[in-house]
1. When you go through (1) under 25 Å from C:Thr253 (Cβ atoms); (2) touching a residue at least 60 places away in the same chain (Cβ under 8 Å) one by one for C:Leu210, which number turns out not to apply?
2. Could you list, in sequence order, all residues of the stretch C:302-317 that are under 20 Å from B:Gly262 (Cβ atoms) and either touching a Ser or Thr at 6+ places or on another chain (Cβ under 7 Å) or exposed (fewer than 10 other Cβ atoms within 10 Å of the Cβ) (or both)?
3. Could you list, ordered by first residue, the pairs with Cβ atoms under 7 Å in which the first is in the stretch B:72-96 and more than 21 Å from B:Phe141 (Cα to Cα) and the second is surrounded by fewer than 16 Cβ atoms within 10 Å (Cβ to Cβ) and modelled with pLDDT of 95 or more, at least 6 apart or interchain?
4. In the stretch C:152-226, which strands (runs of 3 or more DSSP E) lie fully inside it and hold 3 or more residues that are under 11 Å from the mean Cα position of the chain (by Cα), away from every other protein chain (no Cβ under 14 Å) and within 29 Å of C:Lys54 (Cβ to Cβ)?
5. Could you list, ordered by first residue, the pairs with Cβ atoms under 8 Å in which the first is in the stretch C:42-66 and farther than 22 Å from C:Glu258 by Cβ and the second is part of a loop (DSSP other than H, G, I, E, B) and modelled with pLDDT under 95, at least 6 apart or interchain?
6. Hey, any hits in the stretch B:337-344 for a residue that's farther than 25 Å from A:Asn298 by Cβ and surrounded by 19 or more Cβ atoms within 10 Å (Cβ to Cβ)?
7. From B:Ile236, B:Ile224, B:Ile292, B:Ile256, which residue is closer than 15 Å to C:Leu294 by Cα and under 21 Å from the mean Cα position of the chain (by Cα)?
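The values are calculated or read from the model by the stated rules, or taken from the named source; none is laboratory data. Everything quoted here is computed from the prediction, not taken from an experiment. Methodologically, a virtual Cβ is constructed for each residue, glycine included, from the backbone with ideal geometry; neighbour enumeration extends over all protein chains shown.
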Amino acid sequence: MTSTTEAAQLPHTEPLPEIGQGRAPADRAGAGHLDLGAATGSEAALRRFLHGLPGVDKVGAEARAARLGTRSIKTTSKGFALDLAIRMIDLTTLEGADTPGKVRSLAAKARRPDPADPTCPQVAAVCVYPDMVAVARRELHGTGIHVASVATAFPSGRTSLEVKLADTRYAVAAGADEIDMVIDRGAFLTGRYAEVFEQIAAVKAACGAAHLKVILETGELVTYDNVRRASWLAMLAGADFIKTSTGKVSPAATLPVTLVMLEAVRDFRAAGGRTVGMKPAGGIRTAKDAIKYLVVVNETCGPDWLDPALFRFGASSLLNDLLMQRQKLTSGHYSGPNYVTVD
Amino acid sequence: MSQVPERTQANERTALFEYAPAPESRAIVKIEPSYDLFIGGEFVPATGGSLKTVNPASEEVLAEFGVASAADVDRAVAAARHAYDRIWSRLPGSERAKYLFRIARIIQERSRELAVLESIDNGKPIRETRDVDLPLVAAHFFHYAGWADKLSHAGYGPDPRPLGVAAQVIPWNFPLLMLAWKIAPALACGNTVVLKPAETTPLTALAFAQICVQAELPPGVVNIVTGAGETGAALIAHPDVNKVAFTGSTEVGRSIARAVAGTRKKVTLELGGKAANIVFDDAPIDQAIEGIVDSIFFNQGQVCCAGSRLLVQESIEEELMDALRRRMETLRVGDPLDKNTDVGAINSAAQLAKITELAAAGEAEGAERWSPACELPSTGYWFVPTVFTNVSATHRIAREEIFGPVLSVLTFRTPEEAVAKANNTPYGLSAGVWTEKGSRILAISKQLRAGVVWANTFNKFDPSSPFGGYRESGYGREGGAHGLEAYLDV
Amino acid sequence: MSEKTGKAAAKNGPLKETRAVAEAPDEVVKQMTDDAAAAETWSRVRVAVRKTYKLYIGGAFPRSESGRSYQVTSADGEFLANAALASRKDARDAVKAARSAFGGWSGATAYNRGQVLYRIAEMLEGRREQFAGEVAAVEGVTQDSALAQVDAAIDRWVWYAGWADKLSQVRGTVNPVAGPYWNVSSPEPTGVVAVFAPLRPSLFGLVSVLAPVIVSGNAAVVVAPDAAALPAITLAEVLATSDLPGGVVNLLTGRVAELGKPLAEHLDVDALDLAGVEDPSLATELERAGAQNLKRLRRPVPNPDWTTDPGLDRITSFLEIKTVWHPVGV
């Protein structure tokens, strides 16, 4: 757990909320509320509930996302958006070739993304494999930057529940504040929703105080109807965040898939559920893209979600483009890749 | 680094993502102080006086333009007749096609300029002129260009002939797009035209006259006469026109149908509407909400095919209306040239007065009125997006075309009731239906008496897709192979 | 045919012969003129059953609600029959019947409509002689010429019958819109069409304007003017016995000048075919009246040649093109 006292001494830190203290669900008791408990009462009830969700028309959803993508964000609002996007980044390295050196370097960048500009905010978290958590933990101690770890046999998830839980406990024990698990897409696609639900709930329990992000791997779910159902399934099972992708499958995050997941997050709260966060991951490389995502967040869920506690970008190269754009806003001229660090 | 907000401010959870103004530059457009008529390939002064066109977003006078008198109309028709007899009816279709392709290309090249000009003169958001109007204008010319030398394959016989001189009168809601819908098929079929744009939006039609010059279109093939109702009436009544095409109100359409009685003029009319947009309980709700917004707030609702009557299945009324209100809160009303504006200005003071009057009638008749909190500019013609619930079929707002951003919501219980209510109008231009059940879509769209049915979408247009109404929404179709019939002697 | 009946036919037209004396054997007719044998002959005579010409509305044959009738005479002025003189209210009833029938008829499968229309042609063929007799009587043409007209009418009816299930393929389109949408245009019937049939050719003209209206699913209110009433009502008898739902065709006999205005002004009439309106100023007046609810309109053509290939023109005049959009996505 991070120390906010220490974090406050650093100029660029911006502490995230205490882990385990999710934001209170909005008080919206009323006739519109669903009985979310009953939805998960049995395999049949779960299936009925998920298949009773309104469908998603692919063309309409993509047209909506594309239109939001035409919003023109300029001057002060652009400055606001660039800093916010930096603060929302889960700076990620998930390679077989990862080493302590690589992770240390990434952690340094997370702390001070633009060495030349002390006003530049730091990122939300560093995201690594479980065996790199301890390194990241050491490097980020006292910064307010979270350590996120993928777990549960990331990225395929094809192993026993015991191994997945052991993977999770190992990462949490090593100091992970956040766990990014993958759902069993095979089980989901064959309609074994209860199995997926139970696994998420079990991983959630294994997380303890750590936040749980549930990766749907939308590129393998294929349809938006599946994405909406999987989003609700994950939220019902206890997800603190729902996340699009591992980054290992194409397509990874897209604007419309993010839109559909944000609608689920919005509707879950409106139906009396918790306030759940959302993380698009993979494929978001430019500041322009990131700003489009923020517009979609703003116009779908509203300003509550414009916060690193509820919205993250899973990305690595995005940060440098945000930094270059930020430098351009400050200086008035375009920057280049040699004016930001390689990682 | 003054542009970047203070960190403390950014840290606040409640910090709003306010979009800074993002105005499209006006510099791209040059508006002359005054405009002449375009007759016989030349700009000639009008003899019927002049009118002014204003920017409806600011009430600023943009330019003066000529009012074509009966004598001017006569000259324009004579020029069109001359061009028809001597040039256009003799030119092979393949060569007519090349002129239309040229025009399409020039429109693409000048599309941003035309989009800005349209937004300034009409009041509609630049997002729409840039992303909808102008691409469709160019596409329409491209589509019909290709027809010019393929008419014998269109299903109207081996050698369908043009009609001659076409008199065309168009409205102010899609000034350049309606011009394209009229001129492109007319020219492709071998007719020449005299077109009168609306008196509140003449500027893009006059810019189009310049495009004809740039394309070196033979003089007299296209003539543009500006003016108000009298000019239009003189044009339609002119004894030497062979074809009358009109888009506008049903009332004027009726008077045109009377005026041409007993003549041999071929007529097509695209008139008003009061479209029903039917939402079933199994609809894809988020897309239905977008569709409702597009159906009634696109172009400030000043659309003949607007989905002005929302028919929602009673079981989901509350849920749908909650979602619609939430969505309407995010609509951005204001400067048409701001790239983030969703809803622009009402086209004229007269139109604003009409919308205001009908909305007041809705309230007076007992319907429940709601609009999002919204600050409107102090000058210009504005009407906040408005939705009426508890509307019954007898209310004026459920029967009369409002032609503004005003939605009337009615409920239904069964598919039969939905269809009966949807068809219960003298109009029949368009309709919408939202449901995830395929067989229901096919059944309902079959039963709806409307020329265009949008299923799980709304307000989509394409040059290859025929558009036009049943009943008092007019007759004839525009677009695609069906659109050729209006300009051929068949 | 005896000399006597031949003369009667020449004088009164075959219609009168058909109705009055055709049933009597030749020798009886001969004897009828023989005073001496008259008493004996009359005791053996059979008086033909005359036909009453009424209106055809909603599948029934009512008299005019006005109680009026008019004399139909042959081309040379001989009395042929009293036909019902339809009134404004009959026109109103006919429109109502047509509107009621429209839903079912337009909703029937195209194959079914084609079958019904073909059945009508079969029935026409069976009454070929009867129609020829009526046509010859009202038009004063020879029996051969009348038969030729009947044959042309039957053939045209067959031609139109075949169009029922082809129209959508010829006039419908799948439109290649620039976007992820399925977009289809198909023809649909306009609704209730008021048809003013030409006076001549009485049967062929009527068939040529009626068949194209109903083949696509419209319901018709037909005005058969003056003497054209007789073959028209006989056609109605064919329609009434040939699986055509009642109300799809409604036949009013009488005067165009009287029935034109109420039909042209009627707000539940969707279209007008003024083919049989011979007076140009009346045609203009009716066109103007029809503008009130934007009726689709066919203007009369001076001196039309009904024998030329009709093409699709008359069918498409009373069609609406409906375009349906739907997104394409998984």
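1. (2) is the only condition that C:Leu210 fails.
2. C:Pro302, C:Asn303, listed by residue number.
3. Close Cβ pairs satisfying both conditions: B:Asp72/B:Thr47; B:Val77/B:Asp240; B:Arg81/B:Asp240.
4. C:219-225
5. Every condition considered, the pairs that remain are C:Val45/C:Ala24; C:Arg46/C:Glu23; C:Arg46/C:Ala24; C:Ala48/C:Ala22; C:Ala48/C:Glu23.
6. No, the stretch B:337-344 has no match at all.
7. On the way: B:Ile236 fails: closer than 15 Å to C:Leu294 by Cα; B:Ile224 fails: closer than 15 Å to C:Leu294 by Cα; B:Ile292 fails: closer than 15 Å to C:Leu294 by Cα.
That would be B:Ile256, the only listed residue that is closer than 15 Å to C:Leu294 by Cα and under 21 Å from the mean Cα position of the chain (by Cα).
The rows are residues; the columns are (1) closer than 20 Å to A:Leu212 by Cβ; (2) part of a helix (DSSP H, G or I); (3) within 14 Å of another protein chain (Cβ to nearest Cβ); (4) not aromatic (Phe, Trp, Tyr).
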residue	(1), (2), (3), (4)
A:Lys292	no, yes, yes, yes
A:Val295	no, yes, yes, yes
A:Gly314	yes, no, no, yes
A:Asn320	no, yes, no, yes
A:Asp343	no, no, no, yes
